[in-house]
Amino acid sequence: MNTNQHDDVIEVTDLRRVYGGDGRDFEAVRGVTFSVGRGELFALLGTNGAGKTSTVELIEGLAPPAGGRVRVLGHDPYMDRAAVRPRIGVMLQEGGFPSELTVAETTRMWAACTSGARPPEQALDRVGLAHRSDVRVKQLSGGEKRRLDLALAILGGPEVLFLDEPTTGLDVEGRRSTWELVRELRDAGTTVLLTTHYLEEAEVLANRLAILHEGRIAAIGTPAEVTASQPSHVSFELPDGYFPGDLPPLPELGVRSHETAGRMIRLRTDELQRTATALLVWAERARVELRGLDVRPASLEEAFLRIAREAAANGVNGPRTAEGATATATATATATQEKSAADVRMRTTGNDRNSTAADARKRGRSA
């Protein structure tokens, strides 16, 4: 979806976040800028420690940025919480539900604290948990708990939905079902900000994505645009009696490099159609078969790995600690603070009254 044709629901400009103090500041987010249009699904990707969680928490309004500007639905999500909360839904990495409550009881509790909540049974049915409504939360599988997290996130019909690793722990069928539901929400006009470690998930769902590396955006665009900078691949088994030198001159076919493993040859090309067509014409004229022929464009995974390597080589991951603080100490401190922030998020996001439900969850865990 082209965001130029839609209002920007999320606007992030030169966003910065700093942890620590006493001369040991750690800048986890370093000037991030992007926007997300209405009805668009935008994915944030990155390795552990890239700044995904730190960025999303600022957009959710859990803390004020150290610098830059955030707007969600036209409001500052931290200063104007009352205006933003009723219109957003948040799916955490871990929900922390009271273990002794049933699925139905948990959903009813959350609905009672959510403005404009849809019927709990409807939300459970949408995520495929209606048949488990009488089961205690502690008896759910990891994948079922993730689906319960999603049911509560969409309970209030949010205009903006934050999904943090939504399919972790799901089997293949559950993951595909979740993808279909997220597509339906997006197509109905819900704006979705997704963080995930599953690159296939981002490639399948995202209208656009950004790859974060060491707190900065290393690449941004549609999945096709991000992968377009990487070479495509053509591989096949050399015909009996033929060697790589018997093939047409590879550079003339747009091939940038090749490698062999036994009788298999793999070509990397910037002009996939031209390379594949020329090889097929050559094989037809030579009356030979290219066994095991595989023609495919670059994957998002290949692009992700290469972009991360290039970002590191270009110094994007340069020192971010003051006074020579070690990376290990900084990473430990950041992880601790991000965990604390996540705990705070459970008490402060969702909508105007979700803090009450989070307190109920906490009491349930202590019981």
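Once neighbouring chains are kept in place and the probe is 1.4 Å, which whole percent of the accessible area of region 4-65 is contributed by carbon and sulfur?
Working: 840 of 2260 Å².
Percent of accessible area from carbon and sulfur atoms in region 4-65: 37.
Centroid-to-centroid, using Cα positions, region 76-93 and region 115-134 are 22 Å apart. Share of region 153-202's accessible area from carbon and sulfur, percent, 1.4 Å? Summing carbon and sulfur atoms, their accessible area is 49 percent of the total for region 153-202. Shape class of region 216-267 from the alpha-carbon gyration tensor: prolate, with a/c at 1.5 or above and a/b greater than b/c. At a probe radius of 1.4 angstrom, the accessible area of region 223-317 per residue rounds to 58 square angstrom.
With the simple model of a label 7 Å out from the Cα in the direction of the Cβ, residue 284 to residue 141 spans 4.9 nm. On full extension, the segment bounded by residue 263 and residue 47 gains 74.2 nm, given 0.36 nm per residue less the C-alpha separation. The label-point distance for residue 301 and residue 240, in a model that sets each label 7 Å from Cα toward Cβ, rounds to 3.4 nm.
Simple point charges give the picture: +1 on the Cβ of Lys and Arg, -1 on the Cβ of Asp and Glu, and for region 19-74 a dipole about the Cα centre of about 200 debye.
For residue 291 and residue 125, the difference between the fully extended length at 0.36 nm per residue and the C-alpha to C-alpha distance is 55.0 nm. Taking a ≥ b ≥ c as the square roots of the eigenvalues of the alpha-carbon gyration tensor, region 154-265 is classed prolate because a/c is 1.5 or more and a/b outweighs b/c. Ordered from largest to smallest accessible area (heavy atoms of protein chains, 1.4 Å probe), the residues 145, 52, 138 come out as 138, 145, 52. Electrostatic tally near residue 183: other residues with Cβ closer than 12 Å to its Cβ, Lys and Arg +1, Asp and Glu -1, net -2. Distance between the 7 Å Cα→Cβ label points at residue 188 and residue 108: 2.4 nm.
In region 236-318, carbon and sulfur make up what percent of the accessible area (probe 1.4 Å)?
Result for region 236-318: 50 percent of the exposed heavy-atom area is carbon or sulfur.
The values are calculated or read from the model by the stated rules, or taken from the named source; none is laboratory data. Every value quoted in this text rests on a predicted model; they were computed, and no experiment measured them. Quick reminder, even Gly has a Cβ in these numbers, built from the backbone with ideal geometry, and neighbours come from all protein chains shown. Calculation scope for accessible area: heavy atoms of the full protein, side chains included, ligands and nucleic acids excluded. Shrake-Rupley method; radii C 1.70, N 1.55, O 1.52, S 1.80 Å.
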